[in-house]
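The values are calculated or read from the model by the stated rules, or taken from the named source; none is laboratory data. Bear in mind that the values here come from a model prediction, so they are computed numbers and not experimental data. Positions of Cβ are generated from backbone atoms using ideal geometry, with glycine treated the same way; all protein chains shown enter the neighbour counts.
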Amino acid sequence: MNEDLSKPGPQTPLGPQPVPANPIRVLLLDDREENLVLRAAILRQKGYRVVTSNSIEAAESKLHAIDIAVLDYHLGAGKFGTDVAETLRRKRPQVPIIILSATLERKFGSIADMHLLKGYSSVDDLVGALRSFEAKKRGRPVVVDARDFYYSRISMAMGDDIVLEILDRDGTWQFVNDYFAATIGHKRAWFAGKNLFDHFPELGEEWREIIRTVADTRETYIDRRGFRGASHLPGKSPHWTWNVLIFPIKLHDDRDGVVLTARLIEQK
């Protein structure tokens with residue numbers, strides 16, 4: 001299920017965070033009061049000093065006292081957060097701007113430093129973006145590892161009732177979703193860099209060859225042979241099994257890899 005920026009992400013801790021000596025000042029602009037209240041509460045717990053505005057006029061009156069701007073694109077009544085972005089870029093070009101929008105149709109050009117898509121981005125993504133901009137402002141090098149963000153978008157699109165594993169052609173895990181991690185009994189972080197076939201040798205050379213073939217040929221594989229599924233996925237009962245689909249993907253580092261998905265089905 002897709003995560004909305006108006007809702008806290010599943011891995012967002014809500015406990016109080018230590019407030020730095022000079023907290024980053026974040027402007028939140030949204031015409032919906034409930035969104036402002038929720039996002040502001042979460043960001044304050046993360047140690048940010050938050051300034052909220054529900055109109056263009058209110059936001060533009062506060063541009064002199066902020067470090068980062070988070071602006072909702074569509075404010076209703078034909079008004080847009082990009083109007084504030086243009087003013088901010090003109091007056092204080094060094095201030096990072098994050099635009100939140102429901103679609104990718106609008107071309108923001110050079111106005112926004114980052115665009116987060118509501119419905120596919122969680123509060124975790126917003127906090128991650130703020131952390132990067134914060135580090136840059138404080139003079140520290142910013143190293144952004146986009147792997148989890150990149151692969152988690154695929155996981156969201158597939159849904160939360162499907163096992164999802166992303167592997168390179170040799171079977172090394174690049175990403176797994178929460179459903180798969182819970183099924184196997186490990187935390188998601190445990191899988192990164194480990195090899196599927198080292199930990200599940202019962203899969204054998206046949207599945208190793210299938211994964212390599214999909215990665216190399218860019219073809220898609222569907223397991224139709226009696227719906228036997230992949231043997232590393234436990235079944236609910238003898239009457240249930242996994243239906244497996246494997247399709248190719250370009251990995252974050254441009255290598256060829258595969259997405260292995262599986263859904264638990266009832267065998268009649």
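Looking at LEU104, is it hydrophobic (A, V, I, L, M, F, W, C) and either assigned to a strand (DSSP E or B) or modelled with pLDDT of 75 or more (or both)? Here the answer is no, as LEU104 does not meet what is asked. Exactly one residue among MET158, MET114 is at pLDDT 80 or above and among the aliphatic types (A, V, I, L, M), and that residue is MET158.
Looking at the range 163-172, can you tell me whether even one residue there is surrounded by fewer than 20 Cβ atoms within 10 Å (Cβ to Cβ) and at pLDDT below 75? No; the residues of the range 163-172 include none that is surrounded by fewer than 20 Cβ atoms within 10 Å (Cβ to Cβ) and at pLDDT below 75.
Counting residues in the range 194-208 that are within 13 Å of LEU233 (Cα to Cα), of a type in the set (D, E, K, R) and either part of a helix (DSSP H, G or I) or at pLDDT below 90 (or both) gives one or more.
Residue count for the range 173-188, restricted to those that are loosely packed, with under 15 Cβ neighbours inside 10 Å and part of a loop (DSSP other than H, G, I, E, B): 3.
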